[in-house]
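Just so you know, all these numbers are worked out from the coordinates, no wet-lab data involved. This one's a predicted model, so the numbers in the text were calculated from it and none came from an experiment. Heads up, the Cβs are rebuilt from the backbone with ideal geometry, glycines too, and the neighbour counts pull from every protein chain shown.
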Amino acid sequence: MSKIKHLIFDLDDTIYPQSSRMSSQILRRIIEYSARFFNKSYDEILEIRKAELKKYVSTLWWLKSNGFKNDEEYFSYVHPAEEIKDLDFDPELRPFIESLPQPKVILTNSPSEHAEHVLEFLKVRDLFNKTISDIRRNDLRGKPFDISYRDALSIAGGSLEDTLFLDDYPYYIEGYAKLGGLCCLVGDAPYEIPQEYKNQIFRIKTIYELPSVLEKL
């Protein structure tokens, strides 16, 4: 029996495939909004943002470091209600999530309404804890700040020893590993697991491979 008693899932590019049009459209709106704020072209911001994200862990934190204050306007622009049209329904997802016996929590750097849109559309909302650990709950910091992981753990009622965290972004995975937690990188992003985390970080291409990791644990 697996020692994993709780699961924490990232939302975007984890619950649904990285090939989804939703992710590319979210990025497009992030760049558009940032370009308007900095009064620069889309292409200029696209390049500048790549460099700035090495210093700031998210676009929002980068904007705020430059005096930005309209958080709710940003959230509404990046995640409009109609964004769900860019997501494909996966009929296999619900039975798969139902097959996992562990209680499940969503940890996202997006606002909770975005997570609600996605989970409801995919017909899996009721399979996750009713409380979502989102960017607002975590003081607009989110992953990879410690506050986000500890908030999700508190919602799950688990510990670093018995809770597995899944995400598609290596930087966020390492944030959880640094705390001493077990985690699973979802997707095929180029990434070599650091030697100090060899026994903490696992890799799978999609969440459908999760059972193989749980068996190892």
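Values computed for the structure shown
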{"quantity": "The chain, relative contact order [Cα under 8 Å, separation at least 6], %", "calculated": "26 percent"}
{"quantity": "Extension gain, Ser2 back to Thr131 (0.36 nm per residue minus Cα-Cα distance, nm)", "calculated": "44.0 nm"}
{"quantity": "FRET efficiency for Gln195 and Tyr77, using Cβ-Cβ distance with R0 set to 41 Å, rounded to 0.05", "calculated": "0.50"}
{"quantity": "Å³ per residue enclosed by the Cα convex hull of segment 1-104", "calculated": "150 Å³"}
{"quantity": "Segment 21-84: relative contact order in percent, alpha carbon pairs under 8 Å with at least 6 residues between", "calculated": "41 percent"}
{"quantity": "Cα-based helix-to-principal-axis angle, 112-121 vs the chain, degrees rounded to 10", "calculated": "60 degrees"}
{"quantity": "FRET E, pair Arg150, Lys123, Förster distance 30 Å, beta-carbon r, rounded to 0.05", "calculated": "0.50"}
{"quantity": "37 °C / 0.692 mPa s Stokes-Einstein diffusion coefficient of the chain, Kirkwood radius on C-alpha pairs, µm²/s", "calculated": "184 µm²/s"}
{"quantity": "Order of Ser23, Ser133 - criterion: other Cβ atoms within 10 Å of each residue's Cβ, fewest first", "calculated": "Ser23, Ser133"}
{"quantity": "Inter-site label distance for Glu215 and Lys54 at 7 Å from Cα along Cβ, in nm", "calculated": "4.2 nm"}
{"quantity": "Calculated from backbone phi, Karplus (6.51, -1.76, 1.60) coupling profile of segment 71-79 in Hz, x at Gly/Pro", "calculated": "4, 5, 5, 4, 4, 5, 6, 6, 10"}
{"quantity": "Long-range HN-HN contacts of Leu182 with modeled amide H, under 5 Å", "calculated": "Thr163, Phe165"}
{"quantity": "Whole-number percent relative contact order across segment 77-205, with pairs defined as alpha carbons under 8 Å at least 6 apart", "calculated": "17 percent"}
